[in-house]
Amino acid sequence: MRTRLFRAVLSAFLLTNSSLLIGTAAAQAPKTWSSSEILLGLKKLNVLGSALYVAAHPDDENTRLIAYLANGRLVETGYLSCTRGDGGQNLIGPELREGLGVIRTQELLAARRIDGGRQFFTRANDFGFSKTPEETFTIWDKEQVLADMVWVIRQRRPDVMITRFPPDGRAGHGHHTASAMLAIEAFSAAADPKRFPEQLQYVQPWQAKRLLWNTGSFFVKAGEDMSGYLKLDAGGYNSLLGQSYGEIAARSRSQHRSQGFGSSAQRGEALEYFQPLKGDKATTDLFEGVDMTWNRVPGGAAIGKMIDEVIRKYDPANPSASVAGLLKVRMALHNAAKQEFWTKDKLSSTETLLKACMGLHLEASAMQVQVASGQPAVVNLDIVSRGPDANRKVNFVRLESVRFPEAGQDSTIGRFLDREKLLTVRKKLVMSASESLTEPYWLSQAGTVGLYSVPNQLQRGRPENQPAATVKVKMHVSQMQGVSGATDTITFTVPVQYKSTDPVEGEKYRPLTVVPPVMVNVGGHAYVFADNQPKTVPVTLRAGKAGVRGTLALSLPKGWTAEPASIPFELGTKDAEQTVQFRVQPGAGAQEGKSELRAVATVDGQAYSRGYQTIAYTHIPTQTLFPEAVAPLVKLDLRRKGQEIGYLMGAGDEVPDALRQIGYTVTLLKPEDLTEQNLRRFDAVVLGVRAYNTLDRLKTLQPTLLKYVEQGGNLVVQYAVSRGTVLPQIGPYPLTLSTDRVTVENAPVTFLNPTQPLLNTPNKITSKDFEGWVQEQGLYYPSQWDPKYQTVISSNDPGEKAKESAILVADYGKGHYIYTGLSLFRELPAGVPGAYRLLTNMVSLGK
């Protein structure tokens, strides 16, 4: 059975309001609009059409088509990713599972900020590679994922739905096929009031016009006749944005850095093909038969004419001249049926454009990045009106009031804003004592292997949390001073963020984060005891507020002891840290295998066992997680040979720490360290995952590594992706990498050569060593190899042929070369005992 660790914290804070939320995502600089972007937005006001693109993972989406639909056809375009990509690999850092899912979520949001789409998710968990949709649905809970897809459809009311993958085996991944199968079922279920009726207190049934599969050369056989498919050119040039949709798409797709999807721009014709799956057929256009004008809204024709007039009179040198017309449009939208989908949607867009035309800058910044619940936070609200020329008395903006919801009161201002004069309103907020931690909402409660737990219906589908705190700014906007004309009162909702200035990168924004009064981090990932000698376990305490005092202790399984039993602590200032050390030791009653330790801080009778983790990369906003303060305890019978290990990191993993845990001295190498003389001192050299994909210098340093082996060295190579290796052959003899893998982590293993030293020395490997593995057994196994390589084990997923290349070992000169696709990079941090024994045998070979 697949396993994973879910964290259980308090429910994520849900903030709902009907006023305009300034900013497209959490922790982003307030958006500034160019004249051409405003004009594009005005044109989009007059297009009432919607498309929803559906696939399985982050990076599955067709960014060019999304860019074309959102900016060329001007329709509301969403991407619904069934998962957050938690089960993938990470090319930019060590984060896996939940941490990787957080990164890939933010990469999708960064992509959407570029291509103009909106982002949505289901609760499905990416549990790793799946070969069939049947397996996927068994683990995902098909009905619940279908409910989430229906929920997004009913919320966004797409006229057209598009899948990335076909609903059959050509999709190449069980999740891919499942996403298309779900889209077909959801297409009809969303229109059926008997399906998921609990949603109907918030939304109404919706029937999309058609569902199509966005096919292409990847799925179509050579020579296949595509004349019957719907075809469109998505490679046009947008003069208002100064880019083609292929250029926009490349920038968007290149945000998927953790997956190595940097893309080059495409210019010129780019044909997209569509095969009908369900609904009305189309012969000439995706939106054939869809009324995309204001005529689709009762009484909307007049609104369309008003918007046409605003567009006709738009002056790119003076966008503020459009404020009067937009105020009339806004009032007309208010007077229309307020519950009509398009009226509400376009009202929000109109208010955004009003703000852009007025050159209005609204920014709420906290003086600190973190605040504990029940504690104060000082917030500065900066307001600048940069609208008309100083000599033109038009478009007057009167600031009526500022409301800080967390303060529970309004600050009445009642003054006109002077052009280019900064107005700052400062307020001290006190976060509610019941405020939940600012953790990604889908991680707030324990879920299942295949499904995140999100009890609140209104949170489902959202890409990320709502801001922890907001400021509501009420403004009265009038056309001209002292002249009768358009006038209106608008409330803008501004997220509270933390802003700092980096000496290299300049202004940086982070979400305001609600933290517990004390956080507890356990150092290391797994503590491995190959004997009964004690190990030092460092625990770091971090203060969420000033003046925190209490005691810290370790909770251990039966038979284990910690010295001291508890440690008092006192943290005088906020953000203060203190690291204490426990000596942990297995006793006579400690059982072999894997267990767990937990660090618990007790403050005023309340126990806290959440850590503090930030995920910081330049292409996404900094994210904060509060993982459980736990670590695996592993007691095993382990012998080792050799001492000095050289480790060359690839895409990033935790294997070096695992080697240190079992007593090896590990030196992290850089490519320039790979010299013949330097390598001689190592008993083994280990290459990290994807090293041959990520380290370009290996194509020139490969002879040095093989010389090390030839002279008696031991080289252990962890998996490389079959595409994009820096040289065609990564071993001393030919081998062909493939996408072959064993996804069932506990698949039975057969020993092909029981006398092979890797299975016998210094540790006897048995079938028990392959029990308790997580997510997958191995990946990217070679499909062909030279006879000089010896096979060691074989295993297979149900119904498939045995795969014999999980471990290949070859003698080369006086030394040994090992290639392994076993997922050691996952198993070792998870504390899987057998993974430690296998790795020890690999680095001990020949000693």
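The values are calculated or read from the model by the stated rules, or taken from the named source; none is laboratory data. Worth saying up front: this structure is predicted, and the values here are computed from it rather than measured. Note that each Cβ is placed from the backbone with ideal geometry, even for glycine, and that neighbours are counted across all protein chains shown.
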When region 519-551 is checked residue by residue, the ones that are among the aliphatic types (A, V, I, L, M) and within 27 Å of GLU654 (Cα to Cα) are MET519, VAL520, VAL522, ALA526, VAL528, ALA530, VAL537, VAL539, LEU541
For region 590-628 the number of residues that are among the small types (Gly, Ala, Ser), assigned to a loop (DSSP other than H, G, I, E, B) and touching a strand residue (DSSP E or B) at 6+ places or on another chain (Cβ under 8 Å) is 3
Residue count, region 137-153, condition assigned to a helix (DSSP H, G or I) and in contact with a strand residue (DSSP E or B) (Cβ under 8 Å, 6 or more places away or on another chain), comes to 7
Residue hits (region 505-550; surrounded by 15 or more Cβ atoms within 10 Å (Cβ to Cβ), more than 27 Å from the chain's Cα centre (by Cα) and of a type in the set (Gly, Ala, Ser)) are ALA530, ALA543, GLY550
Condition set out of contact with any Gly (no Cβ under 9 Å at 6 or more places or on another chain) and modelled with pLDDT of 95 or more, scope region 592-604, selection farthest from GLY101 (Cα to Cα): answer is VAL600
Flagged pairs (Cβ under 6 angstrom, 6 or more apart or on separate chains; first in region 93-121, among the β-branched types (Val, Ile, Thr); second assigned to a helix (DSSP H, G or I) and surrounded by fewer than 21 Cβ atoms within 10 Å (Cβ to Cβ)) are ILE114/ARG251
With the first residue restricted to region 747-767 and required to be closer than 16 Å to ILE818 by Cα, and the second required to be of a type in the set (Lys, Arg) and modelled with pLDDT of 95 or more, Cβ contacts under 8 Å at 6 or more apart or on different chains are THR761/LYS641
Over region 815-829, the set of residues buried (at least 24 other Cβ atoms within 10 Å of the Cβ), more than 27 Å from TYR733 (Cβ to Cβ) and in contact (Cβ under 8 Å) with a residue 60 or more places away in the chain is ARG826, LEU828
Flagged in region 453-469 as part of a loop (DSSP other than H, G, I, E, B), in contact with a Ser or Thr (Cβ under 9 Å, 6 or more places away or on another chain) and within 14 Å of PHE121 (Cα to Cα), in numbering order, are SER453, VAL454, ARG460, GLY461, PRO463, GLU464, ASN465
Residue count, region 221-248, condition more than 24 Å from ASP280 (Cα to Cα) and hydrophobic (A, V, I, L, M, F, W, C), comes to 4
When every residue in region 590-625 that is in contact with a helix residue (DSSP H, G or I) (Cβ under 8 Å, 6 or more places away or on another chain) and under 30 Å from SER252 (Cα atoms) is compared, the one surrounded by the most Cβ atoms within 10 Å (Cβ to Cβ) is GLN623
Over region 774-801, the set of residues closer than 20 Å to VAL716 by Cβ and among the β-branched types (Val, Ile, Thr) is THR791, VAL792, ILE793
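What residue, among those in region 72-87 that are assigned to a strand (DSSP E or B) and in contact (Cβ under 8 Å) with a residue 60 or more places away in the chain, is nearest to the chain's Cα centre (by Cα)? If you could, list the steps in order and put the result at the bottom.
Initial filter on region 72-87 (assigned to a strand (DSSP E or B)): 76-81.
Those still in the list that are in contact (Cβ under 8 Å) with a residue 60 or more places away in the chain too: 76, 78, 80.
Working: GLU76: 22, GLY78: 17, LEU80: 13 Å.
Only one residue tops the list, namely LEU80.
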Selection over region 161-183 where residues are more than 26 Å from the chain's Cα centre (by Cα) and at pLDDT 95 or above yields a count of 0
Determine whether ALA191 is at pLDDT 95 or above and not assigned by TED's automatic domain parsing to the domain that holds TRP342.
yes
Residues of region 626-646 being surrounded by fewer than 22 Cβ atoms within 10 Å (Cβ to Cβ) and under 30 Å from GLN255 (Cα atoms), in sequence order, are PRO627, GLU628
Can you confirm whether region 705-719 contains a residue that is in contact with a helix residue (DSSP H, G or I) (Cβ under 7 Å, 6 or more places away or on another chain), at pLDDT below 95 and not polar (S, T, N, Q)?
-> no
For region 720-750 the number of residues that are closer than 30 Å to GLU644 by Cα and in contact with a helix residue (DSSP H, G or I) (Cβ under 6 Å, 6 or more places away or on another chain) is 7
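Matching residues to (1) more than 30 Å from GLN585 (Cβ to Cβ); (2) not charged (D, E, K, R):
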| site | (1), (2) |
| --- | --- |
| LEU625 | yes, yes |
| PRO632 | no, yes |
| MET649 | yes, yes |
| GLY652 | yes, yes |
| ARG660 | no, no |
| VAL666 | no, yes |
Worksheet item: Given the structure, is ALA282 closer than 30 Å to ARG154 by Cβ, part of a loop (DSSP other than H, G, I, E, B), modelled with pLDDT under 95 and of a type in the set (Gly, Ala, Ser)?
Response: yes
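Please specify each residue of region 285-302 satisfying the condition of being of a type in the set (Val, Ile, Thr) and at pLDDT below 95. Before you say what the answer is, go through the steps one by one.
Kept after step one, since they are of a type in the set (Val, Ile, Thr), are these residues of region 285-302: 290, 293, 297.
Answer for region 285-302, where residues must be of a type in the set (Val, Ile, Thr) and at pLDDT below 95: just VAL297.
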ALA282 passes all but one of the listed conditions (1) outside the structural domain of PHE218 (by TED's automatic domain parsing); (2) among the small types (Gly, Ala, Ser); (3) more than 22 Å from LEU40 (Cβ to Cβ); the exception is number (1)
* State whether the residues of region 769-784 include one that is touching a residue at least 24 places away in the same chain (Cβ under 8 Å), of a type outside the set (A, V, I, L, M), in contact with a strand residue (DSSP E or B) (Cβ under 8 Å, 6 or more places away or on another chain) and surrounded by fewer than 18 Cβ atoms within 10 Å (Cβ to Cβ). => yes
The residue that is nearest to THR750 (Cα to Cα), considering only those in region 773-799 that are of a type in the set (Val, Ile, Thr) and assigned to a loop (DSSP other than H, G, I, E, B), is VAL792
